[in-house]
Amino acid sequence: MRKKELALKVIERLKEAYPDADCTLDYDDAWKLLVSVRLAAQCTDARVNEIVPLLYDRYPTIEALAAADPEAIEEIVRPCGLGRSKARDISACMRMLMTEYAGRVPDDFDELLRLPGVGRKSANLVMGDVFGKPAIVTDTHCIRLTNRIGLVKNEKDPKLPEKDPKKVEMQLWKIIPEEEGNSFCHRLVIHGREVCTARTKPYCDRCCLNDLCRTAGTY
């Protein structure tokens, strides 16, 4: 089966299994999603969702957060881990939004990448979830599952998984329809948490992709 054909089958199976998949970070504005996705690095979305209301109670706008002292931000976001670097990035990002983008989050991928603390994963998430543009978010679930299923491969050593997020993203752009990319990645997150897990043996016996997966039952 060709990869593009396999990808379409995987997309349809995941749609049936998780019809209402969406971003699990809570936000009601583009800048808040930027903050949350930065805090989510090496932290669960659930913990981030607990912490950000405390941050926004004290700093309810981009202007307020941009004017805040990074140490004060760190005091609030410390439970998310890596508090100092995350606070520094959030502070610098909000200041840049104020000084260069008139307090608005840009809807251009390359412009998003200019913002402190924003990488390809974050930029794709904002592009897809906020602006409804084509996006592929290569988080840990996406990388793990697409390797296991056989949608991507390590071209230098096929016996090893491809762990480089950008390389995984570029391979997926070739086989995933643009209009499906964002929701496909959200469904991978749910499937990766509930079935094709990382910290335990995958539950291949109840996986909707069992007959399509390259590595099903090999763990």
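Straight-distance candidates among the lysines for linking to K163, with alpha-carbon spacing under 16 Å and chain neighbours fewer than 8 residues away dropped: K121, K153. For the chain, the cysteines with no partner cysteine C-beta closer than 4.7 Å are C23, C93, C142, C185, C196, C204, C207, C208, C213.
The angle between the Cα long axis of helix 181-194 and the longest principal axis of the Cα atoms of the chain comes to about 80 degrees, rounded to the nearest 10. Computed extension length for T215-T197: 5.2 nm, one decimal, from 0.36 nm per residue of separation with the Cα-Cα distance subtracted. With Cα atoms as the point set, region 30-129 shows a radius of gyration and Dmax of 12.2, 32 Å.
Entry note, the chain: relative contact order of 21 percent, from Cα contacts under 8 Å with a spacing of 6+ residues.
Over all other residues within a Cβ to Cβ distance under 10 Å of G117, the charged ones net out to +2, with Lys and Arg as +1 and Asp and Glu as -1.
Within the chain, the longest run free of trypsin sites (Lys or Arg not before Pro) that sit in a DSSP loop with at most 15 other Cβ atoms within 10 Å is 3-103. In the chain, taking the dipole from charged Cβ atoms about the Cα centre, the farthest positive-side position among L33, A198, L97 is held by A198.
Using C-alpha pairs under 8 Å with a sequence gap of at least 6, the mean separation divided by the residue count of region 30-129 gives a relative contact order of 29 percent. Positive-end ranking of V137, N147, I73 along the dipole of region 33-179, with charges on Cβ about the Cα centre, is headed by N147.
Taking only the C-alpha atoms of region 114-200, Rg followed by Dmax gives 12.9, 38 Å.
Bear in mind these aren't lab numbers, they're just calculated from the coordinates by the rules spelled out. Every value quoted in this text rests on a predicted model; they were computed, and no experiment measured them. Glycine gets a Cβ as well: all are built from the backbone with ideal geometry, and neighbour counts include every protein chain shown.
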